[in-house]
Amino acid sequence: MVLCQGGEGDVAPAAGGKEPEVPPGQEDGVGAVQPRLCPAPGVEAAGAEERRACGCCSGMSWPCCCEAPGTKKKAACPGLGLFYTILSAFLFSVASLFLKKIEDVHSVEVSAFRCVFQMAFVLPGLIYYKTGFLGPKGKRIFLFFRGFLGSTAMVLLYYAYQVMPLADATVITFTSPVFTSLLAWIFLKEKYSLWDLLFTLFAITGVILIARPPFLFGSHVTGIEGSYTNHLKGTIAAITSTLSAASTIVILRKVGKSVHYFLSIWYYAVIGLIGCVIALFVLNEWRLPHCGRDRVFLILIGLLGLGGQVFLTKALQIEKAGPVSIMKTMDVVFAFILQVLFLNHLPTWWTVGGALCVVASSSGTAIRKWRHSVKKAKQREI
């Protein structure tokens, strides 16, 4: 007999050939895994298959990668979720760059094309999972507001990208976790501590450094793109977009797991497309780009935005939300790099200072939420 790694759930299969279910979410740690006696190689326990210990199960919810002796084990890839996060950030940033390069196309029209790509991607999933197209009756009002606020956030963000520096608009969007905590405290009665208040003040300070209102910084504001009026409009649009995005997260928390993820995206795409088409007719802005390059950019924006969303979703499936939220700050880094390389626009020290404040506040909020979730998971194990 030799010592190997195992837990309470790692015992011989019960009668009938079924293995006992291991509680999901169990993690390695003190008391989570205990050494036990296992049959030596070549010796089988009566009525049970021999299980070999492997290191690739560490941190997983259940040892799904452990195989019987003689079979090949699939090695885990550490850091894959964080790689997906970086790839998602890069795709979103490149899509934003293409949006800056498009000429004479309104942000509402770009959003309409993005919604079409979302619908084309989600429709097969709805059919496959048989979720329906309307959702549960008691949840439809929440899904409607999720779609309305989500599409509004997209349109306003695209407008901000068009009228203000790419890095400035990207940085402002990173205040979303801070505003999510504030709205969750107001509407969901979630805990809001002094640390959360401090992070909120940091985020507001960062936005002020980026917007640079004349009553604080004087009438001559340097380092902006175009006129200060457009810069101010873009700042307001970016802040409103961030608040709308935070509101959608609060709504999704309220709905919980009772609604399939594909159905949530479906409402987002359908309501967004309807709203964009109505707005285009009201604004009389509907027109295809005259240049073939701009048409290619429109298609690439849809594909890259969809790809970024897919990789971000995959990252959240295999990695904790805390590290993903922190790694997502690479959006800001890519935005600064692309702005300098392809738009020839050097960020000012005010923008850099504002970016540091916003990234610090969003990272701090993510770390606190991560530690709180880990603490609750350990309490459930006990």
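The values are calculated or read from the model by the stated rules, or taken from the named source; none is laboratory data. None of these values were measured; they are calculated from a predicted model. Glycine also receives a Cβ, built like all others from the backbone with ideal geometry; neighbour counts cover every protein chain displayed. In case anyone asks, the SASA skips ligands and DNA or RNA and just uses the protein heavy atoms, side chains included. Shrake-Rupley method; radii C 1.70, N 1.55, O 1.52, S 1.80 Å.
The table that follows gives values for the structure above.
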| read-out | value |
| --- | --- |
| Cα-only radius of gyration and Dmax that characterise the range 204-293, units Å | 18.6, 53 |
| Estimated distance in nm for a label pair at LEU80 and LYS130, the labels positioned 7 Å out from Cα along Cα-to-Cβ | 2.9 |
| Accessible surface of the range 80-379 [probe 1.4 Å, protein heavy atoms]: carbon and sulfur percent | 71 |
| Rounded accessible area per residue of the range 250-382, 1.4 Å, Å² | 58 |
| Charge dipole (debye, nearest 20) of the range 136-239; +1 at Cβ of Lys and Arg, -1 at Cβ of Asp and Glu | 560 |
| Extension reserve of the ARG295-PHE281 stretch, reckoned as 0.36 nm per residue once the Cα distance is removed | 3.0 nm |
| Stretch gain in nm, segment LEU197-TYR228, where the contour uses 0.36 nm per residue and the Cα spacing is subtracted | 8.2 nm |
| With eigenvalues of the C-alpha gyration tensor scaled by 5 and rooted, the range 132-253, Å | 30, 19, 8 |
| Semi-axis lengths (Å, descending) of the ellipsoid that matches the C-alpha gyration tensor of the range 80-379 | 28, 26, 18 |
| Spatial extent of the range 238-382: Rg and Dmax, with the Cα atoms as the point set, Å | 19.2, 64 |
| The range 69-174 - Rg over Rh from alpha carbon coordinates, Kirkwood radius | 1.10 |
| Cα centroid separation, the range 173-201 to the range 286-319 (Å) | 30 |
| Cα-centred dipole magnitude for the range 80-379, charges only on beta-carbon of K, R (+1) and D, E (-1), debye, nearest 20 | 1420 |
| Peptide ranges 108-117, 81-90 listed from the most packed, as the mean C-beta count within 10 angstrom indicates | 108-117, 81-90 |
